[in-house]
Number of protein chains: 4
Amino acid sequence: MTTKPYIHIIQYYETDRMGITHHSNYVRFMEEARIDFLKQAGWDYAKLEAMGVISPVTRIDCKYKVPTTFEDELRITVMVKECNGIRIQFLYKMQNQHGVIVCTGESEHCFVSAEGKILRVDREFPEFFETMKAKSEEHSM
Amino acid sequence: MTTKPYIHIIQYYETDRMGITHHSNYVRFMEEARIDFLKQAGWDYAKLEAMGVISPVTRIDCKYKVPTTFEDELRITVMVKECNGIRIQFLYKMQNQHGVIVCTGESEHCFVSAEGKILRVDREFPEFFETMKAKSEEHSM
Amino acid sequence: MTTKPYIHIIQYYETDRMGITHHSNYVRFMEEARIDFLKQAGWDYAKLEAMGVISPVTRIDCKYKVPTTFEDELRITVMVKECNGIRIQFLYKMQNQHGVIVCTGESEHCFVSAEGKILRVDREFPEFFETMKAKSEEHSM
Amino acid sequence: MTTKPYIHIIQYYETDRMGITHHSNYVRFMEEARIDFLKQAGWDYAKLEAMGVISPVTRIDCKYKVPTTFEDELRITVMVKECNGIRIQFLYKMQNQHGVIVCTGESEHCFVSAEGKILRVDREFPEFFETMKAKSEEHSM
């Protein structure tokens with residue numbers, strides 16, 4: 001069951017006076033796409049939060065290749081690069097409406113309880129862990 | 001004891017492709033200035049939160065008179081328009097580095113406990129209420 | 001031909017530490033919905049810009065009634081309140097996924113050439129003016 | 001002549017419902033600090049733009065170590081990692097008010113004319129190039 005890409009239309013307020021999408025916004029698009037990816041995989045982020053799991057970002061890496069601007073349509077593909085018990089890494093490929101790759105990114109996350117304790121998801125949320133593990137293997141095939 | 005105006009320098013990411021500060025950001029500048037105003041009056045917003053008071057915005061009104069852009073220096077004057085037991089209203093005057101009024105605004109807030117219950121600040125936080133009341137009279141004189 | 005409401009799903013990055021959608025973001029949602037409204041009326045905002053018309057916001061008024069948060073679905077209805085030759089006013093009604101009105105707003109805009117000259121759209125862009133005029137009458141009926 | 005660190009106070013609207021500064025904002029803080037760094041070095045970004053040079057971001061890398069929140073004071077140190085004729089790389093160290101490193105980052109930029117042509121700053125803006133080159137050597141000592 002493959003994941004559908006996430007679509008983000010660039011908003012006017014996301015542009016800057018260079019006339020292009022401000023680079024900081026791509027980090028937000030990655031979040032939008034990641035949350036959609038998790039939802040499609042059956043792991044609604046709000047549900048994770050309700051279970052007492054929060055997942056802070058520990059690293060972002062973003063390569064800007066081609067500028068975009070107002071009304072451009074980004075198609076964002078998300079993949080799980082790796083998921084061990086304590087960290088998960090995602091890959092992002094963002095294409096514009098012409099199929100051109102405009103940006104690629106990576107993000108890394110840990111898992112923390114509401115009280116701030118580091119969680120080992122392989123032990124405490126094995127079902128979530130197995131789904132993400134499987135997603136990472138899809139990608140490596 | 002008069003309150004010092006709050007200074008906000010326009011950031012690159014606050015501009016849009018029209019070349020000017022995006023209008024939504026002024027609502028954020030009003031928040032920055034209001035928090036600074038409360039701090040100067042001895043009511044640190046984080047302290048209010050720690051006391052279990054949150055103060056959601058119930059209304060914003062903003063008149064845009066002159067555009068600003070990257071590196072412009074806004075000088076924001078905040079006044080208490082009115083404070084009764086359940087609502088507080090602030091007025092904002094924003095001037096650029098040349099003293100020109102670029103934007104004026106109003107905001108209205110209520111007071112809510114962490115559990116979401118409406119608070120009567122005149123009864124529950126009389127000291128805060130009196131300070132704001134006094135500020136509103138300064139302004140009307 | 002009636003206009004379809006605009007849908008905005010609240011993003012994680014649009015919430016604040018009060019746990020709710022930050023109030024400044026509604027001003028951005030109004031922009032998203034207004035641009036979609038113009039597009040549905042045949043007046044793509046990028047096309048207007050290409051014709052040399054920009055339309056700065058001169059006023060925003062926003063009443064916050066019920067908080068929203070991450071994953072809430074806003075349904076935004078836009079109407080033209082009034083359009084004379086030099087100014088246009090829009091009304092916004094925002095409902096959550098349960099049909100509850102969470103926020104109402106108004107915005108006012110003028111029309112300016114790329115060189116910053118005020119435009120009389122009734123004279124210079126009569127086709128646009130007539131469309132907006134007709135939309136304002138729809139609303140008043 | 002050493003560069004003074006840049007100070008950014010975390011704003012309420014920069015937090016998210018996890019209660020911490022949203023990670024995308026650090027990319028904006030890096031921009032604020034970089035612009036301040038260039039200004040201190042005598043290269044006001046608005047002046048660069050007026051000379052017809054824009055400097056799009058080609059890469060961002062950000063490592064989040066410790067969360068921050070509303071009212072925290074970030075002290076951001078910027079260094080030039082490398083400047084060749086066509087690209088410049090900056091390093092960022094962000095410390096909170098207790099001196100703890102909360103985030104480190106890197107950014108990479110190219111130089112483009114207003115018409116979108118890649119610029120060789122070593123040839124076309126040798127004075128800027130020499131200043132950045134010198135800054136990069138300071139750092140490596």
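The values are calculated or read from the model by the stated rules, or taken from the named source; none is laboratory data. Computed from a predicted structure; not experimentally measured. Every residue, glycine among them, receives a Cβ derived from its backbone with ideal geometry; neighbour counts consider all protein chains shown. These accessible areas exclude ligands, DNA and RNA; they are computed on the full protein's heavy atoms, side chains included. Shrake-Rupley method; radii C 1.70, N 1.55, O 1.52, S 1.80 Å.
Mind checking which residues of the stretch B:8-30 are of a type in the set (S, T, N, Q) and either open to solvent by 10 Å² or more (accessible area, probe 1.4 Å) or not in a strand (DSSP E or B) (or both)?
First, pick out the residues of the stretch B:8-30 that are of a type in the set (S, T, N, Q): B:11, B:15, B:21, B:24-25.
B:11, B:24, B:25 - these are the residues of the stretch B:8-30 that are of a type in the set (S, T, N, Q) and either open to solvent by 10 Å² or more (accessible area, probe 1.4 Å) or not in a strand (DSSP E or B) (or both).
Go through the stretch D:113-123 residue by residue and tally those that are closer than 18 Å to residue D:44 by Cβ and without any contact (Cβ under 8 Å) to a residue 12 or more places away in the chain.
Qualifying residue count for the region: 0.
How do the pairs read when you match residues in the stretch A:1-19 that are more than 8 Å from every other protein chain (Cβ to nearest Cβ) with residues anywhere that are among the small types (Gly, Ala, Ser), using Cβ under 6 Å and keeping only pairs 6 or more apart or on different chains?
Correct list of pairs: A:6/A:33.
Do we have residue D:66 as more than 14 Å from every other protein chain (Cβ to nearest Cβ) and on the phi < 0 side of the Ramachandran plot here?
no
Take the residues in the stretch A:33-47 that are of a type outside the set (Phe, Trp, Tyr) and free of Cβ contacts under 8 Å to residues at least 40 places away in the same chain, then tell me which one is farthest from the other protein chains (Cβ to nearest Cβ).
Within the stretch A:33-47, the match that is farthest from the other protein chains (Cβ to nearest Cβ) is A:40.
Please indicate, with yes or no, whether at least one residue in the stretch C:43-52 is within 22 Å of residue C:137 (Cα to Cα), of a type in the set (Gly, Ala, Ser) and out of contact with any Gly (no Cβ under 7 Å at 6 or more places or on another chain).
There is no residue in the stretch C:43-52 that is within 22 Å of residue C:137 (Cα to Cα), of a type in the set (Gly, Ala, Ser) and out of contact with any Gly (no Cβ under 7 Å at 6 or more places or on another chain).
Residues that are surrounded by 18 or more Cβ atoms within 10 Å (Cβ to Cβ), touching a Leu at 6+ places or on another chain (Cβ under 7 Å) and hydrophobic (A, V, I, L, M, F, W, C): which helices (runs of 4 or more DSSP H) entirely in the stretch A:31-141 hold 1 or more of them? Can you show your working first?
Values: elements: A:45-50, A:121-124, A:126-140.
In the stretch A:31-141, there are no helices (runs of 4 or more DSSP H) which contain 1 or more residues that are surrounded by 18 or more Cβ atoms within 10 Å (Cβ to Cβ), touching a Leu at 6+ places or on another chain (Cβ under 7 Å) and hydrophobic (A, V, I, L, M, F, W, C).
Could you tell me how many of the residues in the stretch B:48-63 are closer than 20 Å to residue C:16 by Cα and at the interface with another protein chain (Cβ under 10 Å from one of its Cβ atoms)?
8
So which residues in the stretch A:1-48 are within 25 Å of residue D:27 (Cα to Cα) and of a type in the set (Asp, Glu), if there are any at all?
A:14, A:16, A:31, A:32, A:36
Might you check whether a residue that is modelled with pLDDT under 95 and out of contact with any strand residue (DSSP E or B) (no Cβ under 8 Å at 6 or more places or on another chain) occurs anywhere in the stretch B:100-112?
Taking every residue of the stretch B:100-112 in turn, none turns out to be modelled with pLDDT under 95 and out of contact with any strand residue (DSSP E or B) (no Cβ under 8 Å at 6 or more places or on another chain).
Scan the stretch C:20-32 for residues that are more than 17 Å from residue D:20 (Cα to Cα) and within 14 Å of chain D (Cβ to nearest Cβ) and jot them down.
C:23, C:24, C:25, C:26, C:27, C:28
Taking the conditions exactly as written (of a type outside the set (Phe, Trp, Tyr) and more than 24 Å from residue A:108 (Cα to Cα)), does residue D:67 satisfy them or not?
Working: of a type outside the set (Phe, Trp, Tyr): yes; more than 24 Å from residue A:108 (Cα to Cα): no.
No: the conditions fail for residue D:67.
Taking only the stretch D:83-100 into account, find how many residues are β-branched (Val, Ile, Thr) and within 15 Å of residue D:23 (Cα to Cα).
Matching residues across the stretch D:83-100 total 0.
Taking the options D:73, D:82, name whichever one is among the acidic types (Asp, Glu) and away from every other protein chain (no Cβ under 13 Å).
Being among the acidic types (Asp, Glu) and away from every other protein chain (no Cβ under 13 Å) holds for just one of D:73, D:82, which is D:82.
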